[in-house]
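Novice: Got a structure for you, questions after.
The numbers here are math on the coordinates, done by the rules we state, and not lab data. From a predicted model like this one, the values you see are computed outputs, not experimental measurements. Please note: Cβ atoms are built from the backbone with ideal geometry, for glycine as well, and neighbour counts cover all protein chains shown.
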Amino acid sequence: MIARSLSPAGRGMSGEARQDPLVESVRGGGRVRSPRDLVAGASLVALAAFALWAGADLDTGQLRAVGPGMLPRAVAVLVGIAGLGLMVASFLKSGEALGRWALRGPVFVTLGVVAFGLTIRSPGLVVAGPLVVLVGGAASPEVRPRELAVFAVLVTAFCIGLFRYALGLPIPVLHLPGIFTL
Amino acid sequence: MSDLVPNLALGFSVAFSAQNVLLAFTGCLVGTLIGVLPGVGPIATITMLLPVTFGMEPTGAIIMLAGIYYGAQYGGSTTAILVNIPGEVTSVITTLDGHEMARQGRAGVALGVAAIGSFFAGTFATLVVAALAAPLVRVALLFGPAEYFALMVAGLAFAVVLARGSVPKAIAMILVGVLLSSVGTDLETGVERMTFGWAPLSDGIDFAVLAMGVFGFAEVLRNLDVNERRDVVKKPIGRLLPTRDDLRRSVAPILRGSLLGAALGILPGNGAVLGPFASYTLEKRIAKDPSRFGRGAIEGVAGPESANNAGAQTAFIPLLSLGIPPNAVMALMVGAMTIHGIVPGPLVMTKNPSLFWGVIASMWIGNLMLLVINLPMVGIWVRFLEVPYRLLFPAILLFSCIGIYSVNNSVSDVFLSAGFAVAGYALLKLGFETAPLLLGFVLGRLMEENMRRALAIARGDLAHIVQRPISAAFLALAVIVIAMAILPAVRKRREEVFVE
Amino acid sequence: MTRTARISWKLLLPLTAAAVLSAGVARAAYPERPITMIVPFAAGGPTDVVARIVAENMSRTLGQQIVVENVAGAGGTTGILRGAQSAPDGYTIMMGHMGTHGAAPAVYPELKYDPTKDFAPIGLAAGTPILVVARKDFPAKDLKEFVAYVKANSEKLNEAHAGVGSVSFTTCSLFNSLLGANPTRVVYRGTGPALNDLVAGQVDYMCDQIVNLVPQIQAGTIRAYGVALPARSPALPEVPTTVEGGLPEFQVSAWNAVFAPKGTPPEIVKKLSDALRKALADEGTRKRLLDLGGDVSNVAAQTPEGLQKLVESEVARWNKVLKATGQAK
């Protein structure tokens, strides 16, 4: 594991990774000096194209009666331009490499949240709570299954007590259609 | 003005009754607890607890609801600082430096400064409301759609300044945020925009869903990405309360933030949203070392939090003096008052002075309560950070999911936020910042609506809009702010290139 | 054969009796848990306020809390659609109004519900009369002058409304069409902001529910030209009716009514309907509604059958009006 110290500069939201010898700048691959910016710019262009396509049938209107399409189209074009600019800059200015994209984290967290969504209405929080904690918790390489299981039950119970009973939030705790509703 | 003291005296006599003090306390406490829940902001909280107030007499009910409002705002700031999840739009700014401070083991200091700053801002704002309500309303009425449009453009410009890293990427994110804000049913024509006929999207994307996904969940993903233990947790928690030095540095930002927040909060139509933005931008601009911002600068918490609270209080002015609610929360207050038999309007001040002044006085009491409740609780909140991350983040996931679901009782919201989580993670990996995205999202819709309104009234005459004095001033401000943001960045870029 | 038949008969009768009784008991036990009332607008608005006032009283009669759930969007149709698609077990009801159950089919061609068919009507709650109001320095003394001015200068005027499908939109569509007026229609996110701009003088006139406007008119920040009722409203006795002002065709009430999804058992419908009528007859509740300017005089529509008739006639009416003005799509 590579130790990374929290320098006084800290880590901004952009998550600029400062270091990682495992993923050094890829100097090969032609004259692309910032692979990350290339992909970033390309994503923006793709998003812009998608937005333009999605809003193609919207009426732009005129200035005195601006239609629903005017702003989205204008902004989408601007986003596309920004993307193109980034792509061009990626050839001119050196920047970060693409970095390693973890799979475990996103997969488990997403699955956990989705599992919550699928189970919250029925059977309810009693199942959805532990599910999201267990599945989501598996995203961490340091997970300790038994500890997590106990924690899942405890924290779900706490949530039920606090939100449903103490504060009166209408969260479905246990709803088995036809049999039982809490 | 000469009536100010006797009026306030009346107000305090009403507000200090044992029952009303208790109601204020309960409101603040409950509001804070629910506001801490990620995804549940003041609106949801007040809506949930509105029925509880039915049995009470009107003044007490409003006092309690107002307490819930402030509490929920503060609770939202707490989550913003601790876990980088903005409970409310106005807390997004707080995440920038507040969470950084938490990562550096200074969560207690951040929370403390936020509480203290909010108290002073609240006191200041209460005086403003008491003394200047009537004249200020007249100022607010000068703001028409053209002025709001210009104000929102200025806000978007401020959002550029917030960028910690690459300015062009921040601008791109703001634009993407604006684009996302247009998803949904168009207000004017009823046409669906970019919803692909999917019903959950027909009212647009909920701020909480977007914030939770792109900010909260993505942050969790990013932390999991790091191939090491979470340092923040292991770092000694350190001081729980701000040092003298911290306080010294915060005084000026608190004062400036209070002024800005109070001024912007008066504007009907959600002017209060801009308070924290403007404060952060100002502080960053005048700081001797702007690069500290985004890395845990205490001014970046003190100013915006004060602006936040001041704005929340002065937002009552259009409500109390005109009877017209300036935002959704105040609309709820109107509903609450109406249900209790008081129809808010310009005459409430004269027809029902004990209500009017009682509410104003209880604003101050509410702020005092917040301080009393939250300063001791700082220790408790900070302890949460000591929980090992492998357990903390699943708990965050659970709380967030509950929060998202409870906003609209909608399962699709939960799924949407999962989608945004993945998108947010991708954005972070590609070097984008997500705060500008959120800000663009919030302001984009407001900007577009006002632009279309202004153009409709002006019959398409753009020049007419630009020529109005107030809107011209804000537009000019926007241009200046952006220029000032881009120039140093260009210079810095050149330096960076040389360094490498 | 006969023996089996006798045995089966012996079993069948008590079994059937038990089934019927338990079903009856189960139904008689309604409601056994809180009921959700969907209000398809943001909390604090006129429909929401009416709903909460009525629900509070109904809760007491029914013995279970009626929890108001605000599901705003698309002029109220989002919330109504959700209500229409809920299980017809009496635990989800909704507060619809003139827009969602009257004008909606004309305004939203892809509307996914039919107000006349997809619901079990419970009863009319309260109507709120419509007022024509203008900015305080509008150059007209009374409704006649106002109408004349608007007819002559409509292209230059700005009319505020709260969005396609909202009450302010549909009622002013009628108003404009009666006058042949063609103002620029400026949209706001709710009547609050619209009212704000009217007070500020940024827009010229608006048609809205009396609830929101009373305090402003009393304070003189806006001018009221006429109330669309046959008789003056007790909340605003100085404002003449449209009949008095020379525009008798403009009679509109933004009615609010309670609905349940289609297929809700008749006993449950009856229970809800009785509770509603009881609430409307209750002194305290009535007073609160009347203080708001609400109108509870249409007793005939407070029954399920009466409400169904009202819905059918309103759908037809607004269909005609909105198609005529070309506002319907």
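Novice: Starting from the Cα of C:Glu244, step 7 Å toward the Cβ, then list every residue of the range C:174-212 with an amide N under 13 Å from that point.
Specialist: Once the point is set 7 Å along Cα→Cβ of C:Glu244, nothing inside the range C:174-212 turns out to lie under 13 Å by backbone N.
Novice: With a point put 7 Å past each Cα toward its Cβ, work out how far C:Ser313 is from B:Val479 in nm, to one decimal.
Specialist: Here the modelled spin labels are 6.1 nm apart.
Novice: Continuing with the same structure: Straight-line reach only, C-alpha to C-alpha below 18 angstrom: list the aspartates and glutamates that C:Lys156 could link to, leaving out same-chain residues fewer than 8 apart.
Specialist: B:Asp461, C:Asp137, C:Glu145, C:Asp197, C:Asp204
Novice: Measure off 7 Å from each Cα along the Cα-to-Cβ vector at A:Arg104 and B:Ile380, then give the distance between these two points in nanometres to one decimal.
Specialist: The two pseudo-label positions are separated by 3.5 nm.
Novice: Additional query: Among C:Lys156, C:Lys278, C:Lys136, whose mean-square fluctuation peaks in a Gaussian network model of chain C (Cα, cutoff 10 Å)?
Specialist: C:Lys156
Novice: Excluding residues on the same chain fewer than 8 positions from B:Lys288, give the aspartates and glutamates whose Cα lies under 12 Å from its Cα.
Specialist: Candidates past the 8-residue exclusion: B:Glu299.
Novice: With θ set to phi - 60°, apply the Karplus curve 6.51 cos²θ - 1.76 cosθ + 1.60 along the range B:409-425 and write out the HN-Hα couplings as whole Hz, x wherever there is a Gly or Pro.
Specialist: Karplus-based 3J(HN,Hα) across the range B:409-425 equals 6, 10, 6, 4, 4, 5, 5, 4, 5, 5, x, 5, 4, 4, 4, x, 4 Hz.
Novice: If the limit is 24 Å between Cα atoms, which of C:Lys271/C:Lys320; B:Lys169/B:Lys284; C:Lys287/C:Lys320; B:Lys351/C:Lys287; A:Lys93/B:Lys429; C:Lys151/C:Lys323 go over it? Working shown, then result.
Specialist: On the way: C:Lys271/C:Lys320 35 Å; B:Lys169/B:Lys284 19 Å; C:Lys287/C:Lys320 35 Å; B:Lys351/C:Lys287 19 Å; A:Lys93/B:Lys429 18 Å; C:Lys151/C:Lys323 21 Å.
Pairs exceeding 24 Å: C:Lys271/C:Lys320; C:Lys287/C:Lys320.
Novice: Identify all aspartates and glutamates with a Cα-Cα distance to C:Lys117 below 16 Å; exclude those on the same chain that are fewer than 8 residues away in sequence.
Specialist: Output for C:Lys117: C:Glu305, C:Glu312, C:Glu314.
Novice: Using θ = phi - 60° and the Karplus form 6.51 cos²θ - 1.76 cosθ + 1.60, what ³J(HN,Hα) does each residue of the range C:208-222 get, whole Hz, x for Gly and Pro?
Specialist: 8, 6, 4, 3, 6, 9, 3, x, 5, 5, 5, 8, x, 7, 9
Novice: Which percentage, to the nearest 5, of the DSSP beta bridges contained in the range C:66-206 is antiparallel? Intermediate values should be presented prior to the final figure.
Specialist: Numbers: 2 of 8 bridges.
Among the beta bridges of the range C:66-206, antiparallel pairing accounts for roughly 25 percent.
Novice: Same structure again: For the range C:282-295, in order, what is each residue's ³J(HN,Hα) by Karplus, 6.51 cos²θ - 1.76 cosθ + 1.60 with θ = phi - 60°, in whole Hz (x at glycine and Pro)?
Specialist: Values, residue by residue: 5, 3, x, 5, 4, 4, 4, 5, 5, 4, 7, x, x, 10 Hz.
Novice: Ignore the peptide's own chain and count Cβ atoms of other chains within 10 Å of each Cβ in A:57-69; give me the average, rounded. The partial results should precede the final answer.
Specialist: Working: counts 2, 7, 3, 0, 5, 2, 7, 8, 9, 9, 5, 13, 5.
That average works out to 6.
Novice: Could you let me know the centre-to-centre spacing of the range B:406-423 and the range C:232-271, using Cα atoms, in angstrom?
Specialist: Each part's Cα centre sits 38 Å from the other's.
Novice: Quick one: putting +1 on the C-beta of Lys and Arg, -1 on the C-beta of Asp and Glu, what dipole do you get for chain B around its Cα centre, in Debye to the nearest 20?
Specialist: Numbers: 34 positive and 30 negative charges, 228 e Å.
So the magnitude is around 1100 debye.
Novice: Moving to a separate point now. For chain C, give the magnitude of the charge dipole about the Cα centre (Cβ charges: +1 Lys/Arg, -1 Asp/Glu; no others), in debye to the nearest 20.
Specialist: Details: 33 positive and 28 negative charges, 206 e Å.
Value, rounded to 20: 980 debye.
Novice: Between C:Gly99, B:Pro346, B:Ile34, whose Cα lies farthest towards the positive end of the dipole of the protein assembly as shown when Lys and Arg beta carbons carry +1 and Asp and Glu beta carbons carry -1, centred on the Cα centre?
Specialist: Towards the positive end, the residue furthest out is B:Ile34.
Novice: If you don't mind, there's one more thing I want to ask. Once Lys and Arg get +1 and Asp and Glu get -1 on their Cβ, which of A:Val88, C:Tyr225, C:Ala120 lies farthest toward the positive end of the dipole of the protein assembly as shown?
Specialist: My answer, from the dipole projection, is A:Val88.
Novice: Using DSSP, restrict attention to beta bridges with both residues in chain C and report what percent are antiparallel, rounded to the nearest 5.
Specialist: Taking every DSSP beta bridge within chain C, about 60 percent pair in antiparallel fashion.
Novice: Hey, can you grab everything whose amide H is under 5 Å from the amide H of C:Ile122? Only 5+ residues off in sequence or another chain; H modelled, so Pro and N-termini drop out.
Specialist: Counting only residues 5 or more places away or on other chains, the set is C:Val258, C:Phe259, C:Ala260.
Novice: Taking chain C as a Gaussian network, where each spring joins two C-alpha atoms under 10 Å apart, which residue of C:Arg52, C:Arg135, C:Arg60 fluctuates the most?
Specialist: Its mean-square fluctuation being the largest, the pick is C:Arg60.
Novice: Just the number, please: percent antiparallel of the DSSP beta bridges in the protein assembly as shown, rounded to the nearest 5. Intermediate results must be reported in sequence, preceding the final value.
Specialist: Details: 30 of 45 bridges.
Beta bridges within the protein assembly as shown, antiparallel portion: roughly 65 percent.
Novice: Here is a follow-up. Using a Förster radius of 25 Å, what is the FRET efficiency between A:Ser122 and C:Lys112 based on their Cβ-Cβ separation? Nearest 0.05, please.
Specialist: Numbers: r = 24 Å, r/R0 = 0.94.
Given R0 = 25 Å and the Cβ-Cβ separation, E is 0.60.
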